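Contents: one structure, followed by commentary.
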Amino acid sequence: MATKTEFNNPVIRWVDERLPVFTYLDHEYNQFPMPKNLNYWWNFGALAAVVLVVMIVTGIVLAMQYTAHVDMAFESVERIMRDVNYGWLLRYIHMNGASMFFIVVYIHLFRGLYYGSYKAPRELLWMLGVLIVLLMMATAFMGYVLPWGQMSFWGATVITNLFSAIPFVGDWIVTWLWGGFSVDNPTLNRFFALHYLLPFVLFAVVGLHVVAVHITGSNNPAGIDVQAPRDTVSFHPYFTAKDSVGMVAFLFIFAVFVFFMPNQLGEPDNYIKANPLQTPAHIVPEWYFLPFYAILRAVPDNFIGAWIGFTLINAKLAGVIAMFGSIAVLFVLPWLDTSKVRSARYRPIYKWVFWLFVADCIFLGYLGMKPAEGSYIIMGQLATAGYFGFFLVIMPLLGWFEPTKPLPNSISEPVLKENS
């Protein structure tokens with residue numbers, strides 16, 4: 001059992017004697033030992049938690065003014081923008097906050113890939129992180145439908161229709177999601193209810209993610225375990241100060257988008273009220289879904305049975321499998337990477353392959369914006385093959401054949417060399 005902290009404040013001391021919540025906070029967020037070599041890439045976990053809180057608070061306030069009905073949803077959003085006190089600010093914070101949330105989480109994810117934060121004993125920590133990404137995607141997709149603009153309606157129609165490709169139960173799932181036989185008022189009501197609920201589920205999973213970090217300890221740029229107390233420093237004041245610097249820089253960028261280009265990351269068509277009789281020229285999801293959208297469209301018809309002359313899995317089902325597989329492969333990543341070395345600092349080949357993978361993901365995002373025609377189809381298929389090849393071929397093989405650099409004896413060793 002952890003030693004209780006003695007507090008000077010009599011009220012805090014009285015509460016802590018009966019419910020040691022302040023002792024817990026002191027141990028876990030004040031005295032908690034952190035590897036002394038953490039760099040600014042470790043800021044993004046804290047940034048993601050802050051953005052999540054901002055999204056929940058602004059979402060609750062916006063929900064007080066929003067009307068979940070197909071005849072009034074679009075107008076209620078316009079009313080928020082025009083008539084509600086600071087409604088425009090709340091909506092722009094919430095709308096751009098979704099993009100900021102995905103930016104910091106994607107960077108956090110790539111940082112984990114680079115430094116091997118998914119390796120033992122942090123497998124469950126990594127899997128909880130991937131689950132967080134899935135919950136974010138579901139929440140963001142449902143939230144994008146709520147303004148009931150053209151892209152909201154048609155995006156919901158296209159994405160929910162994908163589930164019809166699932167054999168036997170696909171049509172039943174689509175009917176359940178719609179609440180009928182087309183995207184209509186029951187669909188909007190369901191999505192609004194789920195969009196309000198899922199952030200609290202997400203908050204709970206984030207809590208488990210944080211608990212898992214505090215049990216296994218944080219990974220570090222060297223990718224080696226803490227050997228002695230001299231390898232660590234307390235979380236406060238060292239990393240609270242470091243996180244504060246990152247927070248100021250992040251909030252500055254966030255404010256630039258909110259106040260100077262609030263619609264830069266959105267689609268202009270979503271400022272047109274939903275019309276089931278008029279299909280937009282080009283239906284695209286939000287930018288943070290574009291790589292997965294490109295994977296969805298990249299898999300051709302007959303992709304399994306073509307060589308023997310028949311369709312075993314059609315393009316629609318194959319695309320759905322590939323899209324969900326692109327997330328599912330992250331869950332099993334700790335067992336796909338066979339290397340004993342965590343950090344890319346000591347894996348010269350993996351370091352280059354990793355940056356090629358990052359470029360491939362960005363390229364997939366670019367292709368997701370383009371129509372599925374001509375050379376874009378071939379490029380999408382090649383980029384998709386590169387995505388899965390990284391996880392299913394390269395990572396398992398590199399562990400066997402890659403010559404790695406010698407690891408330092410402790411975290412302190414390279415830190416002291418840099419400062420000497």
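The values are calculated or read from the model by the stated rules, or taken from the named source; none is laboratory data. Because the structure is a prediction, the values reported are computed rather than measured. Cβ: placed from backbone, ideal geometry, glycine included. Neighbour counts: every protein chain shown.
Here is how the numbers come out for the structure above:
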item: Count - residues of the range 181-200 that are part of a helix (DSSP H, G or I) and closer than 20 Å to Asp171 by Cβ; result: 4
item: Residue within the range 250-257 that is over 20 Å from the mean Cα position of the chain (by Cα), loosely packed, with under 15 Cβ neighbours inside 10 Å and over 23 Å from Val61 (Cβ atoms) present; result: yes
item: Any hit, the range 237-245, residues being β-branched (Val, Ile, Thr) and assigned to a helix (DSSP H, G or I); result: yes
item: Tabulated pairs, the range 366-384, first at positive phi, second at pLDDT below 95, C-beta under 8 angstrom, 6+ apart or interchain; result: none
item: Sole residue being assigned to a helix (DSSP H, G or I), surrounded by 16 or more Cβ atoms within 10 Å (Cβ to Cβ) and touching a helix residue (DSSP H, G or I) at 6+ places or on another chain (Cβ under 7 Å), chosen from Phe163, Phe153; result: Phe163
item: Leading residue by the ranking (nearest to Thr216 (Cα to Cα)) among those in the range 1-29 that are at pLDDT below 90 and among the charged types (D, E, K, R); result: Glu28
item: Where Val245 falls short, out of the listed (1) surrounded by 15 or more Cβ atoms within 10 Å (Cβ to Cβ); (2) of a type in the set (Val, Ile, Thr); (3) out of contact with any Leu (no Cβ under 9 Å at 6 or more places or on another chain); result: (1)
item: Hits in the range 77-97 (condition: more than 29 Å from the chain's Cα centre (by Cα) and either farther than 18 Å from Tyr271 by Cβ or buried (at least 17 other Cβ atoms within 10 Å of the Cβ) (or both)); result: Val84, Asn85
item: Boolean, Gly170 is modelled with pLDDT of 95 or more and touching a helix residue (DSSP H, G or I) at 6+ places or on another chain (Cβ under 9 Å); result: no
item: One residue from Leu135, Leu131, Leu188 being over 30 Å from Trp42 (Cα atoms) and at pLDDT 95 or above; result: Leu188
item: Wholly enclosed helices (runs of 4 or more DSSP H) of the range 1-81 bearing at least 3 residues in contact (Cβ under 8 Å) with a residue 40 or more places away in the chain and in the same structural domain as Gly207 (by TED's automatic domain parsing); result: 44-63
item: Complete set of residues in the range 201-236 that are among the hydroxyl-bearing types (Ser, Thr, Tyr) and not in a helix (DSSP H, G or I); result: Ser218, Thr232, Ser234
item: Every pair of residues 6+ apart whose Cβ atoms lie under 9 Å, when the first sits in the range 181-192 and is charged (D, E, K, R) while the second is not in a loop (DSSP other than H, G, I, E, B); result: Asp184/Trp178; Arg190/Met142; Arg190/Trp176; Arg190/Leu177; Arg190/Trp178
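Residues are listed down the side, and each one gets a yes or a no for (1) at pLDDT 95 or above; (2) outside any helix (DSSP H, G or I); (3) closer than 29 Å to Ala68 by Cα; (4) touching a strand residue (DSSP E or B) at 6+ places or on another chain (Cβ under 9 Å):
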position	(1), (2), (3), (4)
Gly266	no, yes, yes, no
Val284	no, yes, yes, no
Pro291	yes, no, no, no
Asp301	no, yes, no, no
Gly325	yes, no, no, no
Ile349	yes, no, no, no
Trp352	yes, no, no, no
Leu367	yes, no, no, no
